[in-house]
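Read-outs throughout are calculated quantities, based only on the coordinates presented, and are distinct from any laboratory measurement. From a predicted model like this one, the values you see are computed outputs, not experimental measurements. Methodologically, a virtual Cβ is constructed for each residue, glycine included, from the backbone with ideal geometry; neighbour enumeration extends over all protein chains shown.
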Amino acid sequence: MNNDIFKGTGVALITPFHKYGTIDFVALERLIEFHINNQVEFLVALGTTSEYPTLSEDEQMAVLDFVVQKVDRRIPVVAGIGGNNTNAVVDKIKKMNFNGIDAILSVTPYYNKPQPKGQYLHFKTIATESPVPVILYNVPGRTGSNMSAETILRLASDFENIIGVKEASGDFDQIMSLIKDRPEGFLVLSGEDALTLPMIAAGSDGVISVVANAYPYAYSEMVRLALKGDMEAARKYHYELYDLIKAIFSDGNPSGIKAALEVKNKCLNTLRLPLAKVNKAVNIQIKRAVESISHEN
């Protein structure tokens, strides 16, 4: 597979819910079409932003199958498959139908805080079992442990089907080490919307984005312009979206992006516990930020 299909912007899809918490597949289809029509490069189903920990296994598979069916090969689809029990992740991979799935996004093990050797062996096992390419997901703010550049680069060098990393450490020393020393073709994707532009300036390849749920064209165009080297034009989009990006993450994700999507009449602002709606002050900030953005999409 050509890894370039994952350069640019991937959208970390939300899971829309009806008022009482059941999955709103009609709204999900609208969002899928909204993103494809506004030229994002790929979609990520069952990532953190999907609230997948609150979805039953049957619901997870229903969402993934629905996304694959509606996308219908028009753009690549990445499925989130990760966890802190290596054997359980492998069992899930073995049971999954990978038709229409172009890669998996697999988060570093959380809560049990494995040492670098354990992280390496975890992803070695997943890479060996996965029939599609693997994108690592390093997000220490959620998992409680960072995966070092050394461990990521070792995995990238040792396993051909580990093709990239969604890097959300926010540590630019680590990010630049990854970009500088990565093997040819290994992708470094931003995992923080506010840092995507400076990461591309440093040499990264794109983003898996939350804010693109609400502004797929504006955000993905920013990324395309930056990748082409037109930083002046890219900065205009970056700063137009910057206040919204700050606001949607200030009281939890996906609570913030669902508030923004409700302002835009894309879906209801319904979440499953333990997530709750953003507080009143943040909701006002989000509404004002959406109203200040000139781009409809």
Counting other Cβ atoms within 10 Å, which chymotrypsin sites (Phe, Trp or Tyr not before Pro) in region 1-98 have at most 13 and lie in a DSSP loop?
20
Quote the relative contact order of region 3-228 in percent (integer), defining contacts as alpha-carbon pairs under 8 Å separated by 6+ residues.
22 percent
Net length gained if the chain between residue 294 and residue 265 were fully extended (0.36 nm per residue, minus Cα distance)
8.8 nm
Listing 238, 35 from the residue with the fewest other Cβ atoms within 10 Å to the one with the most, what is the order?
238, 35
By the scheme Lys and Arg +1, Asp and Glu -1, what is the net charge of all other residues having a beta-carbon under 15 Å from that of residue 115?
+3
Relative contact order, percent, region 27-107 [alpha-carbon distance under 8 Å, six or more residues apart]
33 percent
Which percent, to the nearest 5, of DSSP beta bridges fully inside region 3-228 are antiparallel?
5 percent
Listed pairs 92/117; 166/246; 246/277; 70/94; 113/277 exceeding 21 Å between Cα atoms:
92/117; 70/94; 113/277
What Kirkwood Rh does region 1-142 have if only Cα atoms enter the pairwise 1/r average? Answer in Å.
15.7 Å
Compute the Rg to Rh ratio over the chain from the alpha carbon atoms, using the Kirkwood formula for Rh, and round to two decimal places.
0.94
In region 22-88, the trypsin sites (Lys or Arg not before Pro) that sit in a DSSP loop and have at most 13 other Cβ atoms within 10 Å of their own Cβ are 73, 74
GNM on the chain, C-alpha springs below 10 Å: top fluctuator among 118, 170, 206?
118
Sorted by chain and then number, the residues having a modelled amide H within less than 5 Å of the amide H of residue 11, at least 5 places away or on another chain, are 42, 43, 44, 209
Which listed residue (23, 152, 100) has the Cα farthest towards the positive end of the charge dipole for region 3-228, taking +1 on Lys and Arg C-beta and -1 on Asp and Glu C-beta about the Cα centre?
152
Taking GluC sites (Glu not before Pro) as exposed when in a DSSP loop with at most 12 other Cβ atoms inside 10 Å, the chain has its longest clean stretch at 1-159
Before rounding to the nearest 500, sum -39500 (n - 2.57) across all DSSP H runs of length at least 4 in the chain and divide by the residue total; then give [θ] at 222 nm in deg cm²/dmol.
-14000 deg cm²/dmol
Note down the magnitude of the dipole of the chain about its Cα centre, charges +1 on Lys and Arg C-beta and -1 on Asp and Glu C-beta and zero elsewhere, to the nearest 20 debye.
520 debye
Stokes-Einstein D in µm²/s, Kirkwood radius over Cα pairs - region 235-295 at 10 °C with 1.306 mPa s viscosity
137 µm²/s
Give the residue list of chymotrypsin sites (Phe, Trp or Tyr not before Pro) in region 109-211 that are DSSP loop and have at most 15 other beta-carbon atoms within 10 angstrom.
111
